[in-house]
Amino acid sequence: MRATVIGAGVAGLTTALALAERGVAVEVVDRNVGLGPGSCSWHAGGMLAPWCEMATSEPIVGRLGATSLAWWRERFPGVVAKGTLVVAPARDLAELDRFARRTQHYEWLDEADLASLEPDLAGRFRKGLFFPDEGHLDPRRALAALVERLTALGAAIRFDTELEPEAARGDLVFDCRGLSGRTDMPALRGVRGEMALIRAHSFSLTRPVRLLHPRLPVYLVPRGDGVFMLGATMLESESKGPVSVRSMLDLLGAAFAVHPALGEAEIIEFGADLRPALPDNLPSVERAGRIIRVNGLFRHGFLLAPAIAQIAAGAALDPHLDTELAHANSA
């Protein structure tokens with residue numbers, strides 16, 4: 001059996017790998033010239049935090065995310081399995097209580113516990129939540145590792161190639177184009193996300209830290225060598241323009257609230273892109289003949305892609321299934 005996967009973001013590459021590991025001859029095509037900022041996966045935070053995400057998502061996100069976390073740990077040695085820390089300023093401790101009520105698999109920490117876990121946060125926060133079973137990764141390194149693994153399994157990967165699903169070769173075609181796929185999935189919308197990469201010389205963290213705020217919760221994800229990814233904006237906008245001054249002021253101000261030392265950090269990069277989302281913000285796998293559409297991963301690309309890829313590949317290879325697949329949240 002031969003399959004073509006259109007799109008080399010995290011959804012496309014994990015789908016291609018799910019197929020290749022089942023013995024399918026896979027070709028991946030992507031319109032971009034290579035891995036890079038042309039894909040919204042490039043700007044992702046890389047947090048593998050299924051239980052934290054339950055605070056603002058349906059329970060299925062936690063269940064599928066836990067599956068994906070195990071998948072990443074088995075296939076990508078760059079996963080850092082040191083958990084997630086959630087904190088809030090003293091005036092917003094009610095936000096921490098609300099967060100805890102919607103999540104699972106956490107421990108309450110006091111000020112001394114926080115200082116023991118992250119010494120550079122000593123004296124900054126009175127209480128926190130620790131999710132010890134979560135992890136994080138560098139999305140750019142993870143994408144490159146997926147390409148390397150696919151190549152080792154004999155998959156062909158062609159960049160700088162524009163291809164419509166109907167014109168693709170192969171017994172099966174997987175449409176993983178993200179927002180570009182809404183010509184065939186009109187319910188898709190773009191949700192704008194903005195991020196910054198900063199480098200701090202006198203501050204360190206070993207795990208992602210989420211700072212809760214009623215208006216703009218943010219996260220700070222360590223990438224190594226003093227580099228942090230700062231993000232969390234979600235704007236109901238389909239503008240792909242540069243990062244706005246307002247968003248960067250909010251994000252950088254939140255970083256300063258985590259620790260004043262971050263006020264001296266260097267700004268390495270700003271980035272913005274559109275996350276593909278369906279009306280319920282849950283992923284979907286649909287089939288029309290030989291074409292299977294995998295889309296709608298919203299802000300959960302790296303968290304959900306492996307689980308959704310397994311659903312898509314397993315169901316598509318079932319010879320008895322030739323109608324539209326169930327929405328992923330019924331899996």
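The values are calculated or read from the model by the stated rules, or taken from the named source; none is laboratory data. Since we're looking at a predicted model, the values are computed, not measured. With ideal geometry, Cβ positions are generated from the backbone for all residues, glycine too; neighbour counts draw on all protein chains shown. Accessible surface areas use protein heavy atoms only, side chains included; no ligands, DNA or RNA. Shrake-Rupley method; radii C 1.70, N 1.55, O 1.52, S 1.80 Å.
In a DSSP loop and with at most 15 other Cβ atoms within 10 Å, the trypsin sites (Lys or Arg not before Pro) in the range 116-177 are Arg126, Arg169.
Rolling a 1.4 Å probe over the protein heavy atoms gives the chain an accessible area of 42 Å² per residue.
Rounded to the nearest 0.05, the FRET efficiency derived from the C-beta distance between Lys82 and Arg126 at R0 = 22 Å is 0.50. Amide H to amide H distances under 5 Å link Met185 with no residue, where only residues 5 or more positions off or on other chains count and H is placed in the peptide plane. The residues neighbouring Ser57, those whose beta-carbon lies less than 15 Å from its own, together hold a net charge of +3 under the Lys/Arg +1, Asp/Glu -1 convention. The candidate values were (1) 19.8, 65; (2) 19.8, 61; (3) 17.8, 51; the one computed from these coordinates for Rg and Dmax of the Cα atoms in Å carries the label (2). The simple Förster model, with R0 at 51 Å and r as the Cβ-Cβ distance, assigns Thr151 and Leu216 a FRET efficiency of 0.80. Here the range 108-151 is scanned for amide nitrogen atoms under 19 Å from the site 7 Å beyond the Cα of Arg169 along Cα-to-Cβ, giving 151.
The share of accessible area on the chain that comes from carbon and sulfur is 52 percent, using a 1.4 angstrom probe. Between Glu264 and Val245, the simple label model (points 7 Å from Cα in the Cβ direction) yields a spacing of 2.8 nm.
Modelled spin labels at Arg102 and Thr161, positioned 7 Å past Cα toward Cβ, are 4.2 nm from each other. Residues whose amide H lies under 5 Å from that of Ala288, counting only those 5 or more places away or on a different chain, are Arg293; hydrogens are built 1.01 Å from N in the peptide plane. Residue order by solvent-accessible surface for Glu27, Glu118 is Glu27, Glu118, largest first, with ligands and nucleic acids left out and a 1.4 Å probe. Residues considered: Trp51, Trp42, Trp71. Largest GNM mean-square fluctuation over the chain, using C-alpha springs under 10 Å, is found at Trp71.
Taking label points 7 Å from Cα along the Cα-to-Cβ direction, Leu235 and Ala115 give a separation of 4.0 nm.
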